[in-house]
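The values are calculated or read from the model by the stated rules, or taken from the named source; none is laboratory data. From a predicted model like this one, the values you see are computed outputs, not experimental measurements. Note: ideal-geometry Cβ built from the backbone for every residue, glycine included; neighbour counts use all protein chains shown.
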Amino acid sequence: MHTGPTLLHAYAISWRSESWRSSPALTHADSGHTLNYEALFARVSSMAGGLRQAGVAPRTLVAVAMERSIESVIAILGIMAAGACPCPLEPRLTSQEIESRLRTVGIQTVLADAPGLATLEALSKTRVLQAETLVNAEAFWADDIQPHDPGLLLFTSGSTGRPKGVLLSHRGLLNNARGVIPATGLDATHKLLHIMPLYHTNGLNNQLFSPLLARSQIVLGPRFRASDMPALLEQHRPTIITGVPTMYSRMLDQSFTPESLAALRFARCGSAPITQELHKRIEAHLQCPLVISYGLSEATCTSTINPPHMRKLGSIGKALPNQDIHLRASDGSVITEAGIEGEICIGGDSLMMGYLGTSADGILEPAASVIHSGDLGHVDEDDYFYITGRLKDVIIRGGENISPAIIEHVISTLPWVRACCVVGRPDADLGEVPVAFVVPADPALKDKPAIEILIKEQLSRIYQPEEIYFIDSLPENSVGKVDRKALALNLATSAPG
């Protein structure tokens, strides 16, 4: 495998080499249309040239508002090849959500396809470039991008409620790929069925950037639906699939032929906790190992992987190279003994450059040398890590992080709402779902449809509470803060309201 100081350098060398040119790179799952690495290099180079001709300068932040497609992959890679920094947006965001994200991090340029243009019409002070008009430009490939330059911008709500950008460096992107490839054995014999979102760190770093550095083939499937999976596996016979626990849980209701599963070497799972019971059921159903990994967007993507053929059930695996994964006690001291619980902390070359959007002027907030994950865990004598709980309030619904504060803010805008609190409730399918507790100013005002309509208008579908309960007051702890744990416990023992 050719390597360089950035993914861009490595791709430029590899994709043009004689031994790579004819190897399949990207396949459209429905049509079967395939680009080999020579064609991929030409398409990405042309997109990069079109962006430069359109005035996109190096290190510029460029949002991508495109439907899931080969073209959107070309767009993301083309922005990188132009020397700029892509920021893929989640499809089906409202105009209000898009504008909020762009203003938060100071993005002024958006690359869009035809479906994305309609949503972007209402935006002000935004330059919109149509992807289809940039495809036949003269080839270009930036050769002056450095490891410390911005390589990818992803949005996360974290625990603050305000969307902010996680700015990743080219150093982090390459370090993640160099760790994932040997840990999972990615090479030219692998075919990966891509079914995760292209705006998600896993869908980009582990299922796009890493395979393309290892000469693997990527089959870009449609947006995940469990009912599609038997036909996709039957048609393409992948060696790897990757998903979150919710995806695999839904696949348990589907029937797969032995032939469709025969090529699978393992399935990867991350982005949310998984029970050992579900883990065993998935392995039995797919007839292959299920490899659990762990990481944060703020640490590029993956920090630990359970080795495919040396995995330990219940573990998130061992630390990847050039990453410092350790546990810290409540007093900040580093835990060195096996079996002692502490907060999982991450350092090393994969750490983000920092947050964008945490201040009114959008200035980058540099990352600390160590990131506190908010997850509790322990390590065993063989250096395998295990997660035991979570400190933070973020709700993980089907692998997507949801900040309760975002939902609470919207509900609180209703004049008849005195207070509200949103907590996560365990869900067999999605892992967790948001549930809202609302205190009306007038006990007679309990307009649940009004809340549902308001959230639907202002937020994406994943933020819609599974239930809305009306209560007289929110519980408080000894210092007067809302006691979220008490509400969660109330959910577990009874149905309030």
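Go through (1) buried (at least 19 other Cβ atoms within 10 Å of the Cβ); (2) under 25 Å from ILE13 (Cα atoms); (3) of a type outside the set (Ser, Thr, Tyr) for ILE107 and report which single condition fails.
Status for ILE107: all satisfied but (2).
Could you tell me which numbered condition ALA81 fails, if it satisfies all but one of (1) under 13 Å from LEU153 (Cβ atoms); (2) touching a Leu at 6+ places or on another chain (Cβ under 7 Å)?
Of the numbered conditions (1) under 13 Å from LEU153 (Cβ atoms); (2) touching a Leu at 6+ places or on another chain (Cβ under 7 Å), the odd one out for ALA81 is (1).
Look at the stretch 244-267 and say how many of its residues are basic (Lys, Arg) and either at pLDDT below 85 or in contact with a Pro (Cβ under 9 Å, 6 or more places away or on another chain) (or both). Talk me through it step by step, then tell me what you get.
Step one: filter the stretch 244-267 for residues basic (Lys, Arg), giving 250, 265.
After this cut, where a residue has to be either at pLDDT below 85 or in contact with a Pro (Cβ under 9 Å, 6 or more places away or on another chain) (or both) as well, the list is 265.
Looking only at that region, the number is 1.
So if I check each of ASP375, ASP324, ASP393, which one is assigned to a strand (DSSP E or B), acidic (Asp, Glu), at pLDDT below 90 and within 24 Å of the chain's Cα centre (by Cα)?
ASP375
Filter the stretch 230-244 down to the residues that are over 19 Å from VAL291 (Cα atoms) and of a type in the set (A, V, I, L, M), then identify the one that is surrounded by the fewest Cβ atoms within 10 Å (Cβ to Cβ).
Step one: filter the stretch 230-244 for residues over 19 Å from VAL291 (Cα atoms), giving 230-232, 234-236.
So of that shortlist, the ones also of a type in the set (A, V, I, L, M) come out as 231-232.
Values: ALA231: 12, LEU232: 21.
Here the answer is ALA231.
When you go through (1) part of a helix (DSSP H, G or I); (2) at pLDDT below 95 one by one for SER210, which number turns out not to apply?
(2) is the only condition that SER210 fails.
Which of (1) buried (at least 24 other Cβ atoms within 10 Å of the Cβ); (2) without any contact (Cβ under 8 Å) to a residue 12 or more places away in the chain is the odd one out, the single condition GLY270 does not satisfy?
Result: GLY270 passes all but (2).
What's the total number of residues in the stretch 187-197 that are assigned to a loop (DSSP other than H, G, I, E, B) and crowded, with 24+ Cβ neighbours inside 10 Å?
Qualifying residue count, the stretch 187-197: 2.
Go through ASP253, ASP228 for me and flag whichever is in the same structural domain as ILE195 (by TED's automatic domain parsing) and assigned to a helix (DSSP H, G or I).
Of the residues listed, the single one that is in the same structural domain as ILE195 (by TED's automatic domain parsing) and assigned to a helix (DSSP H, G or I) is ASP228.
Regarding ASP324, is this residue surrounded by 15 or more Cβ atoms within 10 Å (Cβ to Cβ), assigned by TED's automatic domain parsing to the domain that holds MET247 and within 17 Å of HIS170 (Cα to Cα)?
no
Out of the stretch 97-120, which residues are in contact (Cβ under 8 Å) with a residue 60 or more places away in the chain and touching a helix residue (DSSP H, G or I) at 6+ places or on another chain (Cβ under 6 Å)?
LEU111
Take the residues in the stretch 327-352 that are in a loop (DSSP other than H, G, I, E, B) and in contact with a helix residue (DSSP H, G or I) (Cβ under 9 Å, 6 or more places away or on another chain), then tell me which one is surrounded by the most Cβ atoms within 10 Å (Cβ to Cβ). Steps first, please.
Restricting attention to the stretch 327-352, the residues satisfying the condition of being in a loop (DSSP other than H, G, I, E, B) are 329-333, 336-341, 349-352.
The next check asks that each one be in contact with a helix residue (DSSP H, G or I) (Cβ under 9 Å, 6 or more places away or on another chain); those that pass are 349-352.
Values: ASP349: 19, SER350: 31, LEU351: 25, MET352: 25.
My answer is SER350.
Can you tell me which residue within the stretch 287-304, out of those that are closer than 18 Å to MET196 by Cα and not in a loop (DSSP other than H, G, I, E, B), is nearest to the chain's Cα centre (by Cα)? Working first, answer last.
Applying the first criterion (closer than 18 Å to MET196 by Cα) to the stretch 287-304 yields 290-297, 300-302.
Checking which are not in a loop (DSSP other than H, G, I, E, B) leaves us with 290-294, 297.
Numbers: LEU290: 19, VAL291: 17, ILE292: 15, SER293: 13, TYR294: 12, SER297: 7 Å.
Looking at the filtered set, the residue picked out is SER297.
Among the listed residues LYS280, LYS318, identify the single one that is among the basic types (Lys, Arg), over 26 Å from PRO230 (Cβ atoms) and either over 16 Å from the mean Cα position of the chain (by Cα) or crowded, with 19+ Cβ neighbours inside 10 Å (or both). Working first, answer last.
Details: LYS280 fails: over 26 Å from PRO230 (Cβ atoms).
Answer to the selection: LYS318.
Among SER255, SER260, SER293, SER271, which is the only one that is farther than 23 Å from PHE385 by Cβ and out of contact with any Leu (no Cβ under 7 Å at 6 or more places or on another chain)?
From the options SER255, SER260, SER293, SER271, the qualifying one is SER255.
Give the stretch 76-90 a look and list any residue that's surrounded by 22 or more Cβ atoms within 10 Å (Cβ to Cβ) and under 16 Å from the mean Cα position of the chain (by Cα), or say none. Full working, then the answer.
Initial filter on the stretch 76-90 (surrounded by 22 or more Cβ atoms within 10 Å (Cβ to Cβ)): 76-89.
Once the filter is applied, which keeps residues that are surrounded by 22 or more Cβ atoms within 10 Å (Cβ to Cβ) and under 16 Å from the mean Cα position of the chain (by Cα), the stretch 76-90 yields ILE76, PRO86, CYS87, PRO88, LEU89.
Those residues that are at pLDDT 90 or above, assigned to a loop (DSSP other than H, G, I, E, B) and in contact with a helix residue (DSSP H, G or I) (Cβ under 8 Å, 6 or more places away or on another chain), I need them from the stretch 461-480; list them, please.
Within the stretch 461-480, GLN464, PRO465 qualify.
Listed here are the residues, each with its yes/no results for (1) of a type in the set (Val, Ile, Thr); (2) assigned by TED's automatic domain parsing to the domain that holds THR246; (3) in contact (Cβ under 8 Å) with a residue 60 or more places away in the chain; (4) not in a strand (DSSP E or B).
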residue	(1), (2), (3), (4)
ARG418	no, no, no, no
CYS421	no, no, yes, no
ARG425	no, no, yes, no
ASP429	no, no, yes, yes
VAL433	yes, no, no, no
ALA450	no, no, no, yes
GLU457	no, no, yes, yes
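Any idea which of ILE145, ILE98 is over 30 Å from VAL394 (Cα atoms) and crowded, with 18+ Cβ neighbours inside 10 Å?
ILE145
Would you kindly identify the strands (runs of 3 or more DSSP E) lying entirely within the stretch 91-170 that contain at least 2 residues that are over 17 Å from the mean Cα position of the chain (by Cα) and either more than 25 Å from LEU296 (Cα to Cα) or at pLDDT below 90 (or both)?
Answer list for the stretch 91-170: 109-112, 127-130.
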